[in-house]
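For reference, the structure is listed below as structure tokens.
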Amino acid sequence: MADYLTLPILAETGYAVLDAAAPLTDSAQWTELEYVSWRSSGVTRFAPLASFAGEVECNGFWNQTPPRTDKDGVWIDLQTALAPDLVRRAMEPGAGVGRCRVVELQPNTYADAVYNLHLDDNNRLNPRDTGWVVRGLENLTDDPGSLLILRSDRFDPSTETRIPLPAGTRVVIDTQRLWHAVWHRGSAPRYAMVTSWESGPELGTYLAAQHARTSVRRVELPAGLVEDAQHEMHRRIEDRRLALEAVDRAFELPTMSEA
Ligand SMILES: [Fe+2]
């Protein structure tokens, strides 16, 4: 049966870490952008650089008229004029770009991040036989104490990968396959650029050139911290179920996020 074009390097673990990019020092390229609130995990705001039709908004392309998958994003002139280096980096692989935005995340806890774990809905309406959409993440601020949390099983911490986020950290992730969230331990907001890229020969060649690797050195966390976060996640999910039940709405375990 025909299927999507995927990248062999992502088949094993669902993510690949690239050589770090030279950190960008001109922080105005992300702080001066126009931000919009958007439902996502954690306390976040988004500054879109490419959107469905070049407007400053973050809605999924499949929610618009006419709906399409997360490809062929339209650059937003007023935003890209402020962030030329970001645009250059998003276009560097030569892969098709869908949505592209800067994400601002406020400091949170490990338990918050575990509760926030979600999958992205990257490939809705994506035609078979075309490239599977994955996400590129580049950390803009220097957050070496913060961790990108990835899990293949949402509820199983033994499936967790933790990737520290110094400035210039770059990871390509199949975020429709891997549960993900960020534990940001800083005192100031953390900024990252997230780009929807189309899988294909261009992205594959780029990943190889950037020495993409599919495992990282293990970052240990205290067992008690992990255990407490598991309890907290289940408690919050149950709270949500009860709250919805109280207003007579069916509870559905949230899984997908727009972010
Ligand atoms: Fe996400």
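Which residues, taken from the stretch 161-191, are acidic (Asp, Glu) and either more than 15 Å from the ligand (Cβ to nearest atom) or part of a strand (DSSP E or B) (or both)? Talk me through it step by step, then tell me what you get.
Step one: filter the stretch 161-191 for residues acidic (Asp, Glu), giving 174.
Listed by number, the list is empty, since nothing qualifies.
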Among (1) within 14 Å of the ligand (Cβ to nearest atom); (2) among the polar types (S, T, N, Q); (3) farther than 15 Å from THR6 by Cβ, ASN139 falls short only on (1)
Examine the stretch 70-85 for a residue that is basic (Lys, Arg) and at pLDDT 95 or above, and state whether such a residue exists.
yes
Name the residues in the stretch 172-190 that are surrounded by fewer than 23 Cβ atoms within 10 Å (Cβ to Cβ) and either within 20 Å of ARG88 (Cβ to Cβ) or among the polar types (S, T, N, Q) (or both), would you?
GLN176, SER187
Collect the residues in the stretch 75-108 that are in a strand (DSSP E or B) and farther than 20 Å from GLU32 by Cα, keeping them in residue-number order.
VAL97, GLY98
Residue identified as of a type in the set (A, V, I, L, M, F, W, C), assigned to a helix (DSSP H, G or I) and away from the ligand (no atom under 16 Å from the Cβ) among LEU207, LEU221
LEU207
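Those residues that are of a type in the set (S, T, N, Q) and modelled with pLDDT of 95 or more, I need them from the stretch 158-194; list them, please. Quick ask: steps written out before the conclusion?
Going residue by residue through the stretch 158-194, those that are of a type in the set (S, T, N, Q) are 158-159, 161, 169, 175-176, 187.
Of everything in the stretch 158-194, those that are of a type in the set (S, T, N, Q) and modelled with pLDDT of 95 or more turn out to be SER158, THR159, THR161, THR169, THR175, GLN176.
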Which one of these is in contact (Cβ under 8 Å) with a residue 40 or more places away in the chain and surrounded by fewer than 21 Cβ atoms within 10 Å (Cβ to Cβ): THR130, THR159?
THR130
Picking from PRO93, PRO8, PRO23, PRO48, which residue would you name as being buried (at least 22 other Cβ atoms within 10 Å of the Cβ) and out of contact with any strand residue (DSSP E or B) (no Cβ under 6 Å at 6 or more places or on another chain)?
PRO93
For the stretch 64-71, state whether one or more residues are surrounded by fewer than 15 Cβ atoms within 10 Å (Cβ to Cβ) and outside any loop (DSSP other than H, G, I, E, B).
no
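Within the stretch 26-43, can you find the residues that are modelled with pLDDT under 95 and either out of contact with any Asp or Glu (no Cβ under 8 Å at 6 or more places or on another chain) or over 24 Å from ARG88 (Cα atoms) (or both)?
Result: SER37, TRP38, ARG39, SER40, SER41, GLY42, VAL43.
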Residues of the stretch 133-155 satisfying the condition of being buried (at least 21 other Cβ atoms within 10 Å of the Cβ), of a type in the set (Ser, Thr, Tyr) and in a loop (DSSP other than H, G, I, E, B):
THR141
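Please enumerate the residues belonging to the stretch 109-132 that are closer than 30 Å to HIS234 by Cα, in contact with an Asp or Glu (Cβ under 8 Å, 6 or more places away or on another chain) and not in a loop (DSSP other than H, G, I, E, B). Spell out the reasoning first.
Looking only at the stretch 109-132, we keep the residues that are closer than 30 Å to HIS234 by Cα, and these are 109-124.
With the extra rule that they be in contact with an Asp or Glu (Cβ under 8 Å, 6 or more places away or on another chain), the set shrinks to 111, 114-115, 120-124.
Across the stretch 109-132, the qualifying residues are ALA111, VAL114, TYR115, ASP120.
The values are calculated or read from the model by the stated rules, or taken from the named source; none is laboratory data. The shown structure was predicted, so the numbers you read here are calculated from the model rather than taken from an experiment. No Cβ is skipped: glycine too gets one built from the backbone with ideal geometry, and neighbour counts run over all protein chains shown.
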